[in-house]
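For reference, the structure is listed below as structure tokens.
The values are calculated or read from the model by the stated rules, or taken from the named source; none is laboratory data. Everything numeric here is computed off the predicted structure, so don't read it as measured data. With ideal geometry, Cβ positions are generated from the backbone for all residues, glycine too; neighbour counts draw on all protein chains shown.
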Amino acid sequence: MFAALLLLASGASGCSKETNNCKDRAVCGKGNDSNGLSDEAAGSGGAGEAPSADSADFSESPDPSSTDEADTAEPFPDAESADDAPEDAAEAPSGNGERPEQGPRTLFLSDVHPIEKDVRKGTTEIAGTTYTSSIWKDIGPSSSLNSVYVVYALNADWTTFTADVGPDSDSRSDVVVDFEVYLDDRKLGETHRATVTESAHIEENVTGGIQLRLVAKFVSGSRNGSYSGQAAWGSARLE
């Protein structure tokens, strides 16, 4: 009879454990150990108790009347962040659509047409030096060739005129030529004299000028015929 009582007690204990395990599974889910509560369930205050509203993890809905701090930030970077801007930003157009100066421009007179008279252009040799992008005119002792000129439009777009001048290598060996520069009928600088063996360098300020007049005058040389050679402006250019 004592054995029967032990068997009865054992059966009751097993049924109670199974019941607890069922409760455990109801609370903790199928993934929990059938022989005990998970750590999370064990910390909730006892098996079979559902988590209270106080311990539930609910996400709070944002208050529609609140304003996100990022939305109220100033739209312009501060001085420190401005230092991190890319270097290309400095080359962007200004507010009026203009870009910063990109350095000096150069225009060779051989690339444009004069507005008065005509010239030949290309590569020439003056006093033993070869010049590309040059212009030249026939010159000589006759009345039609003893003073020649050509006129170019500046339209106040340029600041400097530069050229190396002299009779070109096809001229007679004894010819002497004077070269002058006029800006809007006003002579600039001095008269530059050149020979077949010695050229002259011209560099004049033409800032604000509208028209540039280049003049070459026959000074001396053989008077046999009307032609003595060419007065040439080597690599004549505006900047």
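Per-structure values
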| item | result |
| --- | --- |
| Ser169 vs. criteria touching a residue at least 24 places away in the same chain (Cβ under 8 Å), of a type in the set (Gly, Ala, Ser) and assigned by TED's automatic domain parsing to the domain that holds His113 | yes |
| Residue within the stretch 195-205 that is closer than 20 Å to Val119 by Cα and in contact with a Phe, Trp or Tyr (Cβ under 6 Å, 6 or more places away or on another chain) present | no |
| Tally of residues being assigned to a strand (DSSP E or B), surrounded by fewer than 19 Cβ atoms within 10 Å (Cβ to Cβ) and small (Gly, Ala, Ser) across the stretch 152-191 | 2 |
